[in-house]
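Only one structure is covered here, and it is reproduced in the block below.
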Amino acid sequence: MSNFHFLLTAWMAVWAVFFVYELSVASRVARLREDVDRLKQQLREG
């Protein structure tokens, strides 16, 4: 039964890393969208 604790700890660590990665990707996508919107505005203004 002691191996179950290691398995549970590893499973939780993997999910924690996944969520941190997801937040990182979401942040980068938001920044890219802002850049695209800014570039579109600059193109409209000429």
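All of the numbers you see were taken from the coordinates with simple rules; none came from a lab. All values derive from a computational prediction rather than experimental measurement. No Cβ is skipped: glycine too gets one built from the backbone with ideal geometry, and neighbour counts run over all protein chains shown.
Quick look at the values:
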{"item": "Test: residue in segment 28-44 that is surrounded by 10 or more Cβ atoms within 10 Å (Cβ to Cβ) and of a type in the set (S, T, N, Q)", "result": "no"}
{"item": "Count - residues of segment 24-46 that are over 12 Å from the mean Cα position of the chain (by Cα), assigned to a helix (DSSP H, G or I) and either among the hydrophobic types (A, V, I, L, M, F, W, C) or at positive phi (or both)", "result": "4"}
